Amino acid sequence: MFLQWPGREAVLRVPIEGQDREAEETLAEAAEILSLLNAAHRAVQQGGRGAERLPPAARGRTPGTCHPHRAGRHLRSAGRDFRLRQCRPRGGRAARVSLAPMTPAAPPSFAQAVTERTRRLQTRLCVGLDPRSGTYRDAAHLRSHTLDVLEATAPYAACVKPQLAFFEALGLPGFTLLEEVCAAARTLGLPVILDGKRGDIGSTAEAYAQGWLSGPHAGDALTVNPFLGFETLTPFVGAARANGGAIFVLVKTSNPDQADLQGSGISERVAAEVARLGETEGGEYASVGAVVGATHPADLGHFRALMPRALLLLPGLGAQGATPDDLAAAFHPGGTGALASASRAVQYALGLDVTASREAARRLRDGLNGALR
Ligand SMILES: O=C(O)c1cc(=O)[nH]c(=O)n1[C@@H]1O[C@H](COP(=O)(O)O)[C@@H](O)[C@H]1O
């Protein structure tokens, strides 16, 4: 077992013995080494030599890289987290150390992260990334424009939604780009919804769920097609819950032809299942959300009421004709609970002009905020 002391540049590893008393014992040892490191550091700063005073566990490290210990500092020991209450050197080779155990904070779930971002940045916009290969000179151009649009629009976005079809169409390089997009989104603090509309018999759905919610190309959330029956949702729900992710189940899609199959109460049956799956979960919003087209403004309040704890993904803003003013009924008071999505209207707002994409995202964010006032 090891204690790690994460300094700015050095990680000090000290062997730990014992279980319960490990905090006192280990930190006493660590503090001793730190106190020696600090003494050595001071000696080096004063022009002397100090490294030879280090105990074997600390030898070989640059004394100048040690980090002074501070109350409040976070320590990780054998997978447990502690906060340093006090670390007082006592004489040359001893120190008194006092630790408070910490319960490590679980990373926020998709629903928490996206809702927190909505509140903090006042944005309900989901930026869709649908890179169309015919639009670009070559693969490098497609890549750079896609990443540029992501970066330029991030300040106005609650989340980003790459549509898998456009990446799959590029073959293997598309998967590499998707990974880059997901990594860049995470660096920008943007939760990622992968729009894959997956769904299959349960055993195959398990592989989809593994691939898109926990595999190397995974997003934080995935759109899911319930057409095969509710059994198809089970692996996706399991993977989303296990990974702090989410799924968005197609309830009423944005296209006019949805009526062919989604009329006659079908959307309501799916909505009831979405609500049922979410009702056992704690938290403000459940991990099971719903896709409801922004192109159905008259139905948004209805579906909001049927799935009170579901996040609603509202595609169809912009190119499919929906406007921010159409969407207020999908939100809860306070302006949370829904994400309005636009792809072409942002990514190709004015050809390949990235500044125009940025402005389009800003206008849509402002429009959505205005509609909620
Ligand atoms: O799940 C989706 O994102 C989705 C559901 C739906 O009902 N309608 C719909 O258009 N979408 C996706 O949302 C995006 C809409 O693109 P734009 O019309 O360019 O904004 C496309 O990637 C669609 O695949």
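Inside segment 235-249, residues that are more than 18 Å from Thr115 (Cβ to Cβ) and aliphatic (A, V, I, L, M) make up a count of 4. Inspection of segment 235-250 identifies at least one residue that is in a strand (DSSP E or B), surrounded by fewer than 24 Cβ atoms within 10 Å (Cβ to Cβ) and either near the ligand (Cβ under 10 Å from one of its atoms) or among the acidic types (Asp, Glu) (or both). Ala310 falls short on exactly one of the conditions (1) surrounded by fewer than 17 Cβ atoms within 10 Å (Cβ to Cβ); (2) in contact (Cβ under 8 Å) with a residue 12 or more places away in the chain; (3) among the small types (Gly, Ala, Ser); (4) more than 14 Å from the ligand (Cβ to nearest atom), and that condition is (1).
Just to check your reading of the model, which residue among Pro226, Pro191 is within 15 Å of the ligand (Cβ to nearest atom), in contact (Cβ under 8 Å) with a residue 60 or more places away in the chain and either more than 25 Å from Ala271 (Cα to Cα) or of a type outside the set (Asp, Glu) (or both)? Break it down stepwise before answering.
Values: Pro226 fails: in contact (Cβ under 8 Å) with a residue 60 or more places away in the chain.
Step by step, each of Pro226, Pro191 is checked, and only Pro191 is within 15 Å of the ligand (Cβ to nearest atom), in contact (Cβ under 8 Å) with a residue 60 or more places away in the chain and either more than 25 Å from Ala271 (Cα to Cα) or of a type outside the set (Asp, Glu) (or both).
Total residues in segment 324-335 satisfying the condition of being crowded, with 20+ Cβ neighbours inside 10 Å and either among the aliphatic types (A, V, I, L, M) or touching a Lys or Arg at 6+ places or on another chain (Cβ under 8 Å) (or both): the figure is 3.
For residues in segment 161-185 being of a type outside the set (A, V, I, L, M) and within 15 Å of Gly134 (Cα to Cα), which is surrounded by the fewest Cβ atoms within 10 Å (Cβ to Cβ)? Please lay out each step first, then the result.
Pass one, segment 161-185, residues of a type outside the set (A, V, I, L, M): 161-163, 166-168, 171, 173-176, 179-180, 182.
The next check asks that each one be within 15 Å of Gly134 (Cα to Cα); those that pass are 166-168, 171, 174.
Values: Phe166: 21, Phe167: 24, Glu168: 12, Gly171: 10, Gly174: 21.
Filtering segment 161-185 for residues that are of a type outside the set (A, V, I, L, M) and within 15 Å of Gly134 (Cα to Cα), the one surrounded by the fewest Cβ atoms within 10 Å (Cβ to Cβ) comes out as Gly171.
Against the condition assigned by TED's automatic domain parsing to the domain that holds Pro191, free of Cβ contacts under 8 Å to residues at least 40 places away in the same chain, closer than 24 Å to Arg269 by Cα and within 14 Å of the ligand (Cβ to nearest atom), how does Leu327 come out, does it pass? Even if it seems obvious, please write down each step before you answer.
Working: assigned by TED's automatic domain parsing to the domain that holds Pro191: yes; free of Cβ contacts under 8 Å to residues at least 40 places away in the same chain: no; closer than 24 Å to Arg269 by Cα: yes; within 14 Å of the ligand (Cβ to nearest atom): yes.
The answer is no for Leu327.
Please tell me if Ala272 is more than 19 Å from Thr118 (Cβ to Cβ) and either among the aliphatic types (A, V, I, L, M) or more than 24 Å from the chain's Cα centre (by Cα) (or both). Yes, satisfied.
Mind listing whichever residues of segment 262-293 are without any contact (Cβ under 8 Å) to a residue 24 or more places away in the chain and away from the ligand (no atom under 11 Å from the Cβ)? Give the derivation first.
As a first pass, look at segment 262-293 and keep what is without any contact (Cβ under 8 Å) to a residue 24 or more places away in the chain: 262-266, 269, 276, 280, 282.
Residues satisfying the conditions are Gly263, Ser264, Gly265, Ile266, Arg269, Arg276, Thr280, Gly282.
Please tell me if Pro173 is more than 20 Å from the chain's Cα centre (by Cα) and away from the ligand (no atom under 13 Å from the Cβ). Judged against the criteria, Pro173 is a match. State whether one or more residues within segment 336-352 are more than 11 Å from the ligand (Cβ to nearest atom), over 22 Å from Leu150 (Cα atoms) and in the same structural domain as Arg119 (by TED's automatic domain parsing). Yes, that holds for at least one residue.
For Asp130, indicate whether it is assigned by TED's automatic domain parsing to the domain that holds Pro191, out of contact with any helix residue (DSSP H, G or I) (no Cβ under 7 Å at 6 or more places or on another chain) and either at pLDDT below 95 or among the acidic types (Asp, Glu) (or both). When the stated conditions are applied, Asp130 does not pass them.
The values are calculated or read from the model by the stated rules, or taken from the named source; none is laboratory data. Treat the numbers as computed from the prediction; the structure is a model and nothing was measured. When we count neighbours, we look across all protein chains shown, and the Cβ atoms used for this are built from the backbone with ideal geometry, even at glycine.
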